[in-house]
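See structure below.
The values are calculated or read from the model by the stated rules, or taken from the named source; none is laboratory data. Since the structure is predicted, the reported quantities are computational estimates derived from the model, not experimental observations. Using ideal geometry, Cβ is built from the backbone for each residue, glycine included, and neighbour counts are taken over all protein chains shown. Accessible surface is based on the protein model in full, side chains and every heavy atom, while ligands, DNA and RNA are left aside. Shrake-Rupley method; radii C 1.70, N 1.55, O 1.52, S 1.80 Å.
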Amino acid sequence: MRTIERSFVKTIFAVVLLTGLIACSKPQPQQPESVEVPKTTGLERIPAADPSKYPHLNDMGSWKNPNLVVREDGIGIVDLSNREIHILTQEEIPAELATLPLSAWPYGRAVLITQAVPKNLTPETKADLRKNRALLLGTLKELDVQYFEAP
């Protein structure tokens, strides 16, 4: 019996010693999770928005920065040189804004948002407008572009 007791004591001693060694060991530094590098969009070259430069609310027809129109079939960007509207998908918005010259941003990184009012306003059309507006606002937030909504 003595051999069994001795073996038991050795096992207990080994477990206690091993537990003590584990408890006293230095924790290994964790590998840092992959740091997300902010992606460049090309809009960084444009200064931050300056609301003090915006035209007065009753004079929004003289807005000189990009003007985006929420439509049921996408987002329109107004070509200020001829007042023509080019329809964009949500994915095309960042590239389209980035290709505009610096002179197209006199108020800084801000856009005017208006909403088209279709003649046949069905519940589905309203839903499409809401969805496109929400997606546009999310895209602008990701791009760090401020927006001003026309009344």
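In the stretch 123-149, the qualifying residues are those that are among the aliphatic types (A, V, I, L, M) and outside any helix (DSSP H, G or I), and the one that is farthest from residue 64 (Cα to Cα) is 143.
Mind listing whichever residues of the stretch 103-119 are among the aliphatic types (A, V, I, L, M) and farther than 16 Å from residue 143 by Cα? Outline the logic, then answer.
Residues of the stretch 103-119 that are among the aliphatic types (A, V, I, L, M), as a first pass: 104, 110-113, 116-117.
Result: 104, 116, 117.
Selection over the stretch 107-138 of residues that are modelled with pLDDT of 95 or more, among the β-branched types (Val, Ile, Thr) and out of contact with any strand residue (DSSP E or B) (no Cβ under 6 Å at 6 or more places or on another chain) gives a count of 0.
Annotation note: Cβ proximity below 7 Å between a residue of the stretch 31-59 that is farther than 18 Å from residue 101 by Cα and modelled with pLDDT of 75 or more and a residue that is open to solvent by less than 100 Å² (accessible area, probe 1.4 Å) and among the hydrophobic types (A, V, I, L, M, F, W, C) (sequence gap 6+ or interchain) occurs for 54/148; 55/63. Checked across the stretch 91-108, the condition of being within 16 Å of residue 149 (Cα to Cα) and either more than 19 Å from the chain's Cα centre (by Cα) or basic (Lys, Arg) (or both) holds for at least one residue. Scanning the stretch 106-128 for residues that are within 15 Å of residue 54 (Cβ to Cβ) and hydroxyl-bearing (Ser, Thr, Tyr), we see that the one that is surrounded by the fewest Cβ atoms within 10 Å (Cβ to Cβ) is 114.
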